[in-house]
Amino acid sequence: MAEKKLICVICPVGCEIMATIENGELKKIKGYRCEQGRDYAREEFTSPSRILTATVRIKSNRVGQLPVRSTEPLPREKLEEAMFSLARVKLEPPIKEGQLILKDILKTGVDIVATRDLEK
Amino acid sequence: MQTYDLDVLIIGAGPAGLGAGIKAREMGARRVLVLERDFEAGGILNQCIHNGFGLQYFSEELTGPEYAGRFIRKAARAGVEVQTDTMVLEVKPSREVITSSKKYGLQRFRAKSVVLAMGCRERTRDAIQIYGTRPAGILTAGTAQRYTNIEGFLPGRQVVVLGSGDIGLIMARRMKLEGCQVQGVYELLPYTNGLSRNVVQCLNDFSIPLYLQQTIARVHGDHRLEGVTAVKVDKKGKTLPGTEEFVPCDTLLLSVGLIPENELSRKAGVEIDPRTGGPIVNQGRMTNIPGIFACGNVVQVHDLADDVTVESEIAGISAALFERGKETEQKEKIDAGKGLGYVVPQEINLDKQRGEPLLLFMRAELPRQKVKITINQEGKEKLAFPLPFIKPGEIIKITIEPDDLRELIPGKDIQVTVRGEGKNG
């Protein structure tokens, strides 16, 4: 039986959540203050994932980069690999917030979308 | 020079200015104009491409540009005018504002209310006096963030971050994701000033070391930065001789604190609280000058854009409803007592707040556990609020409900104090 501790990152409160893990299985978690925190802790103890935010190149006379995000969290260990896929993207305005930039990144089923409007 | 008459004039189109503008229109102000010196509205949110915004205000997780986008679109729908590429040169106590812009030339605005929403600026190398040469490669974390996220220039390849505030932590991760080698984050204090979530997601996730009670004593390099001397410090922040270590790097990012940007406010005669670095305001966010209001990071350096929005809405409502001739009413002072760095608002009119909840923002001086925040008058405890823990890096918000507010005696000043257990005795 092992005790594991983490700080919840769902919101800025930063609850300390404790887990009891037995034979690789999550037995008990405590210390969370909301359902989202409980779900996050469950996942964080078993398969941690993160929303990826980054920028991609865009040809515009106002800015050089367009901010983007993953629509869903990506496995934590794939974040750096995903950056190489984004490095190959080059766009031109106009862009709309939420516009699809890269579909199914690293075959994760997760898309990359723009996070701002950018006019020509 | 052309002169324009307005109901509410707002300086700065970041989250504070846009939030105040939208509320002012909703409260019936007819002509509301926001002035912005950048080429677009959104303020610093445009370069804060990371997520974590909006969890409290929208109950969903947004990136900075998405959070800004919501307010930019909402402002347009609400009929708030935004004029970009415009620098405010002067705010007069008579609520006359002089601006300069390439497109519009010199302009004069006369407003019934003015809202100061200029935000804050980063402290620089000069503010913390690091010894050594003056090579390229030393910049504030926010400047590096703008270069990287908006302009598209990577400031370097091998990075050291000084200061563990949120921008420093976020930029450590950002540099790492862009392929830089991040040598570590150095923090003078025994604890970080960033949000816990940022320590976890920005440093722990990428195995970036955090060196507590260590600082940068010297920088090296003639044309380009070649490295820094890191050194350990004692409890008082004094460097410990013999602990120096050379850390090679071509870039030093400074995340060593933010200062409310109040040059215009000072020149207008707005009274500044030395503890916040921002204007002394009442519960409606009016300054000592009638009709001049302030909100957001110009008042106090917030941790969350969501809190800036909450504060800006207070100011927007007050600015829209401001009537002259009412400013001589009695006011009670709210003082930050033992254990607290500051309390905002610094003044209140208790009679005017009847029936409305009162939101107090405050910042702890030290981390404490099992905390009790007390509201006192004449040396007696009037109200108490227990909290599991407080940290200097995380703003404390206390809401006094209308029923509890009745406990406070009008005409008597208020002291807020904090008691709790320290982590190391």
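The values are calculated or read from the model by the stated rules, or taken from the named source; none is laboratory data. Bear in mind the structure is a predicted one, so any value in this text is a computation, not a measurement. Virtual Cβ from ideal backbone geometry, glycine too; neighbours counted across all protein chains shown. Keep in mind that these areas ignore ligands, DNA and RNA; they rest on the heavy atoms of the full protein, side chains included. Shrake-Rupley method; radii C 1.70, N 1.55, O 1.52, S 1.80 Å.
In terms of overall dimensions, region B:1-108 has a Cα radius of gyration and Dmax of 14.6, 46 angstrom. Overall form of region A:53-114: prolate. Here a/c, set by the Cα gyration tensor axes a ≥ b ≥ c, is 1.5 or more, and a/b is the larger of a/b and b/c. The 1.4 Å probe gives accessible areas that order B:Tyr342, B:Tyr4, largest first, as B:Tyr4, B:Tyr342. Summed over the residues of region A:27-94 and divided among them, the accessible surface reaches 57 Å² per residue at a probe radius of 1.4 Å.
Measuring only protein heavy atoms, the 1.4 Å probe finds B:Lys112 accessible over about 100 Å².
Note on region A:2-46: percent of Cα-Cα distances in each 10 Å bin, starting at 0 and stopping at the bin with the largest distance, equals 32, 57, 11, 0.
Between helix B:305-321 and chain B there is an angle of about 20 degrees, using the helix long axis and the longest principal axis of the Cα atoms. Here the relative contact order of chain B, from alpha carbon pairs under 8 Å that lie six or more residues apart, stands at 15 percent.
Restricting region B:114-196 to chymotrypsin sites (Phe, Trp or Tyr not before Pro) that sit in a DSSP loop and have at most 13 other Cβ atoms within 10 Å of their own Cβ leaves B:Phe153.
On a 0 to 90 degree scale, rounded to 10, what angle separates helix B:166-177 from the longest Cα axis of chain B? Once rounded, the angle reads 50 degrees. Simple spin-label estimate for A:Lys120 and B:Ala78 gives 3.2 nm between the two label positions (7 Å along the Cα-to-Cβ direction from each Cα).
A helix-only calculation puts chain B at -5000 deg cm²/dmol for mean residue ellipticity at 222 nm, using -39500 (n - 2.57) for each DSSP H run of at least four residues, averaged over all residues. Taking a ≥ b ≥ c as the square roots of the eigenvalues of the alpha carbon gyration tensor, chain B is oblate, as a/c is not under 1.5 and a/b does not beat b/c. Pairs with C-alpha atoms separated by more than 23 Å, drawn from the list A:Lys27/A:Lys78; B:Lys23/B:Lys352; B:Lys74/B:Lys391; B:Lys331/B:Lys380, are A:Lys27/A:Lys78; B:Lys74/B:Lys391. Comparing Cα centroids, region B:183-251 and region B:290-317 end up 32 angstrom apart. In summary, the aspartates and glutamates within cross-link reach of B:Lys397, defined as a Cα separation below 12 angstrom excluding same-chain residues under 8 places away, comprise B:Asp303, B:Asp307, B:Glu311. Rounded to the nearest Hz, the phi-derived 3J(HN,Hα) couplings of region B:237-245 under the Karplus curve 6.51 cos²θ - 1.76 cosθ + 1.60 (θ = phi - 60°) are x, 7, 5, 9, x, x, 9, 5, 9, where x marks glycine and proline.
With all projection directions averaged, the alpha carbon convex hull of region B:195-271 covers 8.9 nm².
Sorting B:309-321, B:83-95, A:84-96, B:268-280 by average packing, meaning the other beta carbons within 10 Å per residue, from highest down gives B:309-321, B:268-280, B:83-95, A:84-96. Return the single residue from B:Ala20, B:Ala294, B:Ala336 with maximal mean-square fluctuation; model: Gaussian network over chain B, springs between Cα atoms under 10 Å. Answer for the Gaussian network model of chain B: B:Ala336. Charged neighbours of A:Ala54, selected by a Cβ distance under 9 Å, balance to +1 (K, R count +1; D, E count -1). Of the trypsin sites (Lys or Arg not before Pro) found in region A:1-69, those in coil by DSSP whose Cβ has at most 13 other Cβ atoms within 10 Å are A:Lys59, A:Arg62.
To test your reading of the geometry: what angle, between 0 and 90 degrees and rounded to tens, separates the Cα axis of helix B:15-26 from the longest principal axis of chain B? Result, in degrees: 20.
On the beta carbon distance between B:Lys267 and A:Thr108, with R0 = 60 Å, the FRET formula returns roughly 0.65.
Averaging 1/r across all pairs of distinct Cα atoms in the protein assembly as shown and inverting the result yields a Kirkwood radius of 24.8 Å.
Per-residue SASA remark: B:Met1, around 120 Å² accessible (1.4 Å probe; ligands, DNA and RNA not included). By the gyration tensor of its Cα atoms, with a ≥ b ≥ c the square roots of the eigenvalues, what is the shape of region B:336-377: rounded for a/c under 1.5, prolate for a/b over b/c, or oblate? Prolate, since a/c reaches 1.5 and a/b exceeds b/c.
For chain A, the mean residue ellipticity at 222 nm estimated from helices alone is -5000 deg cm²/dmol, where every DSSP H run of n ≥ 4 contributes -39500 (n - 2.57) and the total is divided by all residues, rounded to the nearest 500.
As an exercise, identify the chymotrypsin sites (Phe, Trp or Tyr not before Pro) in region B:43-125 lying in DSSP coil whose Cβ has no more than 13 other Cβ atoms within 10 Å. For chymotrypsin sites (Phe, Trp or Tyr not before Pro) across region B:43-125 that sit outside H, G, I, E and B with at most 13 neighbouring Cβ atoms in 10 Å, the list reads B:Tyr104.
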